[in-house]
Amino acid sequence: MKKLLIKSFALVAFSLFLTGCGEKENTASTVAEKAKSFEWKLVTSWPKNFPGLGMGPEKFAQYVDEMSGGRLTVKVYGSGELVPGFEVFDAVSQGTAQMGHSGAYYWKGKMPAAPIFSAIPFGMTATEFNAWLHYGGGLVLWQELYQPFGVVPMAGGNSGAQFAGWFKKEINSIEDLKGLKMRIPGLGGEVLKRAGAIPVTLTGGEIFSSLQSGAIDASEWVGPYNDLAFGFHQVAEYYYSSVWHETGTTLEFLVNEKALKALPKDLQKIVEIAARAVNEDMLDEYNARNNNALKDLVEKHQVKLRQFPPEVMKALKGYSEEVIAEQAQNDESFAKIWSSYSEFLQSMREYNDLTLKEYYKNR
Ligand code: CA
């Protein structure tokens, strides 16, 4: 009995000794890890400090610096400072920069399914999209799509529902869209083409002068808060608030997979949580500022606020369904992601019809 006790005591002592050693080593490596600091570059598709969209990466850098106590610092580059705005994805994939901030629809040429993760005509609202992404399997599909490029995507801000845009003449029927030269990117442009319009791709900075010179007849941008800052009311009379082509546009943070994995676990978490915070923060800011900006546009600047007639909305929806069905037919990834997205959208539609749709009418 005594022998047995001594034996088991020795065993416990020995295993405690082993555990102790392991702990010491762990502590030592954690201390070494925490002493290490990282400096990252973040390239964007926007001019430096661009209101709204461009403030996302600036806030991200600030949050990360503060939460990590300066162990991870992120330097933000405007479009063209390190790489051109449309090369952000490649720069992150190749490791020229550890991070990027952009919009997934810019990578449509590389991955036809990418636009689903930024904006798709008659798609989900911001709240619905965030629910699908974080609790409906969307983020996993997004990660799968970018995985072959060594890029990890994270939602990086949401503009909420965008306005149909600025028009030099009223749109009273689908006929009025025929021959109309409009700046509108992505799948929305494809849809307008089917309605007989001529979609044009221009960067944000080119819109004002193109409307002014008459090179284009119409343009969409974001919504009242951003559009007022650009002064589009000086060059187009009619502002259409109809929501159809960008119903809850999501921006993205791109992270180089190797660089992310090289960070200690706590810094990896800080990157993830800071991105999540920026995603929500941007939506909050747009929601807070859009209405006041719209009041300014209508009351101070006498902008003529309009809605597309139901007939035009119905036609646009029909064309959107055609465009999306074609995309799904031509690309396997698009079909797979669209199936998850559209199933979630349908369940949200049923739920929101019973709840918010009714409430909006009654409050
Ligand atoms: Ca837009």
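The values are calculated or read from the model by the stated rules, or taken from the named source; none is laboratory data. Keep in mind that this is a model prediction, so the values were computed, not measured. Backbone-built Cβ (ideal geometry, glycine too); neighbour counts: all protein chains shown. All accessible areas refer to the heavy atoms of the entire protein, side chains included, with ligands and DNA or RNA removed. Shrake-Rupley method; radii C 1.70, N 1.55, O 1.52, S 1.80 Å.
So what is the calculated 222 nm ellipticity per residue for the chain, using -39500 (n - 2.57) for each DSSP H run with n of 4 or more, over all residues, to the nearest 500 deg cm²/dmol?
On the way: 13 runs with 186 residues, N = 363.
Dividing the helical sum by the residues of the chain leaves -16500 deg cm²/dmol.
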Give me the dipole magnitude in Debye, nearest 20, for the stretch 120-211 about the Cα centre, with unit charges on the beta carbon: positive for Lys and Arg, negative for Asp and Glu.
320
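Nearest 20 debye, what's the magnitude of the dipole of the stretch 182-245 about its Cα centre given +1 on Lys and Arg Cβ and -1 on Asp and Glu Cβ? Don't skip to the answer; put the middle values down first.
Details: 3 positive and 6 negative charges, 34 e Å.
Charge dipole of the stretch 182-245: 160 debye, to the nearest 20.
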Rounded to the nearest 10 Å², the accessible area of Ser333 using a 1.4 Å probe with every protein chain kept is 50
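So, for the chain, what is the accessible surface per residue at a probe of 1.4 Å, expressed in square angstrom? Intermediate values should be presented prior to the final figure.
Details: 18060 Å² over 363 residues.
On a per-residue basis, 50 Å².
What is the gain in length, in nm to one decimal, between Arg276 and Ala262 on full extension, counting 0.36 nm per residue of separation less the C-alpha to C-alpha distance?
Values: separation 14, 0.36 × 14 = 5.04 nm, distance 2.05 nm.
Result: 3.0 nm gained on full extension.
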Could you work out how much longer the chain between Asp331 and Glu175 gets when fully extended? Use 0.36 nm per residue separation minus the Cα distance between them, nm to one decimal.
53.0 nm
For the stretch 92-105, in residue order, the Karplus 3J(HN,Hα) values (coefficients 6.51, -1.76, 1.60; θ = phi - 60°; whole Hz; Gly and Pro = x) are 6, 4, 7, x, 4, 10, 6, 9, x, 9, 7, x, 4, 5
So, in nm, how far is label Asn362 from label Lys193 when the simple model puts each one 7 Å beyond its Cα toward the Cβ?
4.5
Expressed in nanometres to one decimal, the distance between label points 7 Å along Cα→Cβ at Ser241 and Lys108 is 2.8
Name the aspartates and glutamates eligible as straight-distance cross-link partners of Lys265: C-alpha to C-alpha under 20 Å, and not fewer than 8 places from it in the same chain.
Glu23, Glu25, Glu33, Glu39, Asp65, Glu66, Glu257
Express the carbon and sulfur contribution to the solvent-accessible surface of the chain as a percent, rounded to the nearest whole number, probe 1.4 angstrom.
55
Going by accessible area, probe 1.4 Å, with all protein chains left in place, what is the ranking of Glu299, Glu285, largest first?
Glu299, Glu285
Which pairs break 32 Å Cα to Cα here: Lys295/Lys317; Lys168/Lys314; Lys48/Lys300; Lys295/Lys357; Lys110/Lys357; Lys108/Lys269?
Lys110/Lys357
How much accessible surface area, in Å² rounded to 10, belongs to the heavy atoms of Val298 with a 1.4 Å probe?
60
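Can you tell me how the chain classifies by the Cα gyration tensor, rounded, prolate or oblate, using a/c under 1.5 as the rounded cut?
On the way: a/c = 2.43, a/b = 2.03, b/c = 1.19.
Judged from the Cα gyration tensor, the chain comes out prolate (a/c at least 1.5, a/b above b/c).
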Distant-in-sequence amide H partners of Gly80 (H built 1.01 Å from N, under 5 Å)
Gly85
With a 1.4 Å probe and all protein chains kept in place, how much accessible area does Lys110 have, in Å² rounded to the nearest 10?
90
Work out the FRET efficiency for Asn49 and Leu305 from their Cβ-Cβ distance, taking R0 = 41 Å, and round it to the nearest 0.05.
0.90
